[in-house]
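Participant: Structure provided below as structure tokens; questions to follow.
The values are calculated or read from the model by the stated rules, or taken from the named source; none is laboratory data. What you see is a predicted model, and the numbers here were worked out from it, not measured in a lab. With ideal geometry, Cβ positions are generated from the backbone for all residues, glycine too; neighbour counts draw on all protein chains shown. For the accessible areas, the whole protein counts, side chains as well, though only heavy atoms, and no ligand, DNA or RNA atoms are used. Shrake-Rupley method; radii C 1.70, N 1.55, O 1.52, S 1.80 Å.
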Amino acid sequence: MKKLVSLLLALVMVVSVFSIASADEAMDALIAAAKAEGELVVYGSCEEQYLSAACENFEKLYGIKVSYQRLSTGEVQAKIEEENGNPSADVWFGGTTDPYNVCAEKGLLEAYDAMNASHITKENFKHKEGKWHGIYTGILGFMVNQEELDRLGLEAPADFPDLLKPEYKGLIWLSNYQTAGTAKLFINTMIQKYGHDEGIKMMVDLDKNIEVYTKSGSGPSKNVGTGECVIGIGFLHDGIYQIVDNGYDNIKLVVPSSGTTCEIGATAIFTGAKHPSAAKLWIEYALSPDCVNLAKDNGSYQFLVIDNAEQPAVAVEFGLDPNNVIDYDFEDATANIKTYQAEVMEAIAASGSDTSDARFQTK
């Protein structure tokens, strides 16, 4: 019996060594092919600082020239849909996955069985067909300027329905439903939490209190510390950046009391990418500590979703828990977001609200 156990253990070791060797050989071959292509074009929907650091490090590691542009997820989606299989970039990096899922359904993202996907901690952190892979999660909530609220004699909103209170008129900022993945997640969150009709009604009522809809999801967070925006709706890691990096200790973070959603920030290859090997190498890189550990040193404090990464301790210090979120119906969000988005905008317009570019910003 002992001999049999020893034999089995030896066999397992041989198989493991062989698997490691095979993986190393596959990675070496991918690197060589990517270097032969010589360049990569990245559209990034994370913040510019992290995008820049990630691209510069990739170029340094592999000697491959990287061009990159920061665009909101809605802008990337619109651009890739228009280009329809002849994309002007090779990969997409960062930004919430609702727009990724729409592009995946239309065949605009290429399936790739990434070797480093073995480090992704949960099955729902990647597309079922490998058309995108998750790199981080971020919690949707409110960022408030506590000094301004105290000056106005107001309490901070504790939950989504509180945002409808008339005393918050003109104090709230949200991102544009038409350009920002954050805003699309907000639409799906309202409908999934409160039902279709009630969710849309809540967004129409909320519109009465909103001063500005920014082009990008992080837009509201950038104006809370100054007091121009008193209550910003968005991802709370953007609020942490304003507190920690920009010194706005007047900002308080609020996790909605009845439960909220979290984004899955992703990366993907565009179908028809001009540099396919470099694109695949990017995915491997994006799912490695070489890339994701740069986030916390470059103003991005999302929770990371690979098991060999170093989590940003500051996010935990602020009391954020990526597991304390509602179940999010990705299938419903993917199938219906364009309809929901149109319904929300039509309902807001029908209420007589200002839907001009001055309020719903696109620049």
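Participant: Please state the charge dipole magnitude for the range 228-292, taken about the Cα centre, from unit charges on C-beta atoms (+1 on K and R, -1 on D and E), reported in debye and rounded to the nearest 20. Display every interim value, and only then the final one.
Facilitator: On the way: 3 positive and 7 negative charges, 57 e Å.
Using only the charged Cβ atoms, the result is roughly 280 debye.
Participant: Compute, for residue 135, the solvent-accessible surface of its heavy atoms (probe 1.4 Å) with the complete set of protein chains present, and express it in square angstrom to the nearest 10.
Facilitator: 0 Å²
Participant: What Kirkwood hydrodynamic radius, in Å, does the chain give when the mean of 1/r is taken over all pairs of distinct Cα atoms and then inverted?
Facilitator: Values: mean 1/r = 0.0467 Å⁻¹.
Taking every pair of different Cα atoms in the chain, averaging 1/r and inverting gives 21.4 Å.
Participant: Then there's this: In the structure shown, do any of 106/128; 222/252; 184/215; 65/126 have a Cα-Cα gap over 19 Å, and if so which?
Facilitator: Values: 106/128 15 Å; 222/252 13 Å; 184/215 12 Å; 65/126 27 Å.
Going by Cα-Cα distance, 65/126 fall outside the 19 Å limit.
Participant: Give the ranking of 359, 70, 151 by solvent-accessible surface, highest area first, calculated with a 1.4 Å probe.
Facilitator: Values: 359 25, 70 60, 151 160 Å².
Of 359, 70, 151, the descending order of accessible area is 151, 70, 359.
Participant: Choose one of 344, 301, 360: the residue whose Cα lies farthest towards the positive end of the charge dipole of the range 276-363 (beta-carbon charges +1 Lys, Arg; -1 Asp, Glu; about the Cα centre).
Facilitator: About the Cα centre, the residue reaching furthest to the positive side is 360.
Participant: Okay, moving on. Straight-line reach from residue 60: which lysines fall under 26 Å, measuring Cα to Cα and dropping same-chain residues less than 8 apart?
Facilitator: Counting by Cα, and skipping residues close in sequence, residue 60 has these lysines nearby: 35, 274, 280, 296.
Participant: Identify the GluC sites (Glu not before Pro) of the range 272-363 meeting these criteria: DSSP loop state and at most 13 other C-beta atoms within 10 Å of the C-beta. Before the final figure, lay out each step's value.
Facilitator: Values: sites: 284, 310, 317, 331, 343, 346; in loops: 310.
Those satisfying the criteria are 310.
Participant: Starting from the Cα gyration tensor of the range 69-151, take the square roots of the eigenvalues, sort them a ≥ b ≥ c, and report rounded, prolate or oblate (rounded when a/c is under 1.5, otherwise prolate if a/b is larger than b/c, else oblate).
Facilitator: Values: a/c = 2.95, a/b = 1.54, b/c = 1.92.
Oblate, because a/c is 1.5 or more while a/b does not exceed b/c.
Participant: Now for a separate question. Within the accessible area of the chain, what % is carbon and sulfur when the probe is 1.4 Å and the other protein chains stay in place? Don't skip to the end; give the middle numbers.
Facilitator: On the way: 8020 of 15560 Å².
C and S fraction of accessible area: 52 percent.
Participant: Separate question: Over the range 164-290, average the accessible area per residue using a 1.4 Å probe and give it in Å², no decimals. All intermediate terms of the calculation are to be shown ahead of the outcome.
Facilitator: Details: 3710 Å² over 127 residues.
About 29 Å² of surface per residue is accessible.
Participant: In Å, what Kirkwood hydrodynamic radius results for the range 238-363 from the alpha-carbon pair distances? Can you show the working numbers first?
Facilitator: On the way: mean 1/r = 0.0544 Å⁻¹.
This gives a value of 18.4 Å.
Participant: For the range 61-106 and the range 234-296, what is the centre-to-centre distance using only Cα atoms, to the nearest Å?
Facilitator: What the calculation gives is 15 Å, centre to centre.
Participant: Name all residues of the range 221-248 having a backbone nitrogen under 19 Å from the label point set 7 Å from the Cα of residue 150 along its Cα→Cβ direction, giving them as ranges.
Facilitator: 224-232, 243-244, 247-248
Participant: At 222 nm, what helix-only mean residue ellipticity would the chain give, in deg cm²/dmol to the nearest 500, using -39500 (n - 2.57) for each DSSP H run of four or more? Can you show the working numbers first?
Facilitator: Working: 13 runs with 158 residues, N = 363.
About -13500 deg cm²/dmol.
Participant: Over the heavy atoms of residue 27, what accessible area does a 1.4 Å probe trace out, to the nearest 10 Å²?
Facilitator: Near enough 40 Å² of accessible area.
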